[in-house]
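Enquirer: Attaching a single structure in structure tokens format; questions to follow.
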């Protein structure tokens, strides 16, 4: 029997992946893999080598070594330069550019792959789970949960209940969670771990990085010991963590952030949500549709940083689903007594079985010792960068949620790619003028460009129109006319400069608006386009037509 120590496993599903990979190796009779022990006991025929087994584990997206092999550092700091160890995985010469990437999420992966493609030696350093926030604890699991909640809602209430009997579904959250986690694991293995393991120009170090100067990092290795990584260029892509506001008593309670909420196998009977932005509203509606009685505490109004009409529309939709929305409400104290949460607020007491705190995210920059490298932070602790992802320190770049960029994974990935181009001798910039954004409530919220207030702050005079969905044929035949589409144009020229939409599948129509803005189309240009009939996106054309005519006086598909 051979015993391997396995690095990179985070759950029982990981252990199953490793077992399957090992048992596919010719000569392997069986493999027993333990995630808690980080170990695999493999029964093999004579002639099966350790190298063959470790290669199979690597191909599966993990890292293996012989259990009885001495540690690389023997308990002492490993002072071998990072670029030299990276070279052990490659046949390239040491003259190649040495790029260090801190993190393994959207920005980090995009940068590592592009830098390697451009000929650099890349050392990627990750202190936790490969893949970062989006795939592990953010976008992917939340959208799976939201979709499940949408299905549950349709089975108990729809616009066609007069002819289709509605039946309240039985929710088995533990099974939904298993399905959710399996898809997360598959995507992490396929899109992150496996890709990294198969790229000969990228070396992965598992540990926590800290700057020791302008061109060096000390890495405290997860497996023990320390490694030194010297670099010519470095990208910081360490992401962000859920922020917890300084409400007296809150830190002493077993409250949830989005991380715990998405990983819970329990749907609480009563859920209180502190927050009013994207994460708060998405998870509030999802839990309500899966069976919780939800109360949302909004310091101002829902989605208050957007056009006021957006918050009003979402609030109306929530209240129609019996989600309680308390506007202009702040918690002044939180207690956890006899398994229940008690929140003192300026509008009375709120009680709940569970409390979700979703009040934004804080950049993960505190442990990097950025001062030693001369990297400037803003008042939030975010890294200040320019349009080329350059920080205040020469040769150090940053991208993603740890910076002052908008916190969207597609922005992070685009920034990471451009940072890598710049680190390897190019000159790329990231233009966010037509950045679309989506909130996955129902109806969805999608925006791009300026809203009216933003345009006025920028000194742009506007001419705007709002089309309610009772004017959109697709919405009429769906018997669901909640929401609107609003176009913001530059006064005089009629050039489209912004779109806000609250509609079913608004996220599927907003890119059309983004392209129109990028192409500097006028509202008349948009009105003259052909749009397929009985689609929600046709609402863009109809909204554009309102600038010159009364769409209520048009036939269904009037051009």
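Enquirer: Stick to the Cα atoms of segment 234-298, pair each with every other, and give me the Kirkwood hydrodynamic radius in Å at one decimal. Could you put the intermediate results ahead of the total?
Expert: On the way: mean 1/r = 0.0755 Å⁻¹.
Every distinct Cα pair counted, the radius reaches 13.2 Å.
Enquirer: Here's another thing I want to ask about it. Taking N as the number of residues in segment 397-530, what value does Rg over Cα atoms divided by 2.2 N^0.38 Å take? Each step should come with its number before you reach the end.
Expert: On the way: Rg = 16.9 Å, N = 134, 2.2 N^0.38 = 14.1 Å.
Expressed relative to 2.2 N^0.38 Å, the Cα Rg reads 1.20.
Enquirer: Å³ per residue of the Cα convex hull, for the chain? Walk me through the numbers before you get to the answer.
Expert: On the way: hull volume 106.0 nm³, N = 559.
Looking at the chain, the number lands at 190 Å³ per residue.
Enquirer: Please report the antiparallel percentage of DSSP beta bridges with both residues in segment 112-246, rounded to the nearest 5. Mind dumping the intermediate values first?
Expert: Working: 11 of 16 bridges.
Of those bridges, close to 70 percent are antiparallel.
Enquirer: Right, another one. Using a Förster distance of 30 angstrom, determine the FRET efficiency expected from the C-beta separation of residue 223 and residue 198, and round it to 0.05.
Expert: Details: r = 22 Å, r/R0 = 0.73.
The formula returns an efficiency of 0.85 here.
Enquirer: Can you give the direction-averaged projected area of the convex hull of the alpha-carbon atoms in segment 446-502, in nm²? Intermediate results must be reported in sequence, preceding the final value.
Expert: Details: hull surface 16.0 nm².
That works out to 4.0 nm², a quarter of the Cα hull's surface.
Enquirer: Sticking with this structure for a sec: For residue 43 and residue 30 in one chain, what is 0.36 nm times their gap in residues minus the Cα-Cα distance, to one decimal in nm?
Expert: Between residue 43 and residue 30, full extension yields 4.2 nm more.
Enquirer: Using just the helices of the chain, give the 222 nm mean residue ellipticity in deg cm²/dmol: DSSP H runs with n ≥ 4 each add -39,500 (n - 2.57), and the total is spread over all residues, rounded to 500. The partial results should precede the final answer.
Expert: Values: 17 runs with 168 residues, N = 559.
When only DSSP H runs of four or more count, the value is -9000 deg cm²/dmol.
Enquirer: Counting each pair of different Cα atoms once, what's the Kirkwood radius of segment 457-559 in Å, rounded to one decimal? Provide the component values of the computation, followed by the final result.
Expert: Numbers: mean 1/r = 0.0736 Å⁻¹.
Hydrodynamic radius (Kirkwood, Cα pairs) of segment 457-559 is 13.6 Å.
Enquirer: For the pair residue 518/residue 20, report the inter-label distance in nm, with labels modelled 7 Å from Cα in the Cβ direction.
Expert: Each label point is offset 7 Å from its Cα along the Cβ direction, giving 3.7 nm.
Enquirer: Using the alpha-carbon centroid of each, what span in Å lies between segment 397-450 and segment 530-557?
Expert: 31
Enquirer: In whole angstrom, how far apart do the alpha carbon centroids of segment 252-289 and segment 508-528 sit?
Expert: Segment 252-289 and segment 508-528 have Cα centres separated by 36 Å.
Enquirer: What does the extension gain come out to for residue 154 and residue 214, with contour length at 0.36 nm per residue minus their alpha carbon separation?
Expert: Numbers: separation 60, 0.36 × 60 = 21.60 nm, distance 5.58 nm.
Here the segment from residue 154 to residue 214 would lengthen by 16.0 nm.
Enquirer: Follow-up question, since we're still on this one. So for 403, 522, fewest C-beta neighbours within 10 Å to most, what's the order?
Expert: Values: 403 29, 522 17.
So the residues, fewest neighbours to most, are 522, 403.
Enquirer: What is the Rg over Rh value, at two decimals, for segment 250-359, using alpha-carbon atoms and the Kirkwood definition of Rh?
Expert: Numbers: Rg = 12.9 Å, Rh = 13.8 Å.
We get a ratio of 0.94 for segment 250-359.
Enquirer: Right, something else. Looking at segment 2-66, what % of the alpha carbon pairs are farther apart than 20 Å? All intermediate terms of the calculation are to be shown ahead of the outcome.
Expert: Working: 238 of 2080 pairs.
So the pairs more than 20 Å apart make up 11 percent of the total in segment 2-66.
Enquirer: Taking other Cβ within 10 Å of each residue's Cβ, how do 547, 341, 440 sort, fewest first?
Expert: Numbers: 547 17, 341 24, 440 20.
Ordered by Cβ neighbours within 10 Å, fewest first: 547, 440, 341.
Enquirer: Spin-label point model (7 Å from Cα, Cβ direction): what's the residue 466 to residue 453 distance in nm?
Expert: Modelled inter-label distance: 1.3 nm.
Enquirer: Fewest to most neighbouring Cβ within 10 Å: what's the order for 556, 210?
Expert: On the way: 556 8, 210 18.
Final ranking by Cβ density, sparse to dense: 556, 210.
Taken together, the values in this text are just the output of simple stated rules run on the coordinates, not laboratory data. Keep in mind that what you see is a predicted model, and the values were worked out from it rather than measured. No Cβ is skipped: glycine too gets one built from the backbone with ideal geometry, and neighbour counts run over all protein chains shown.
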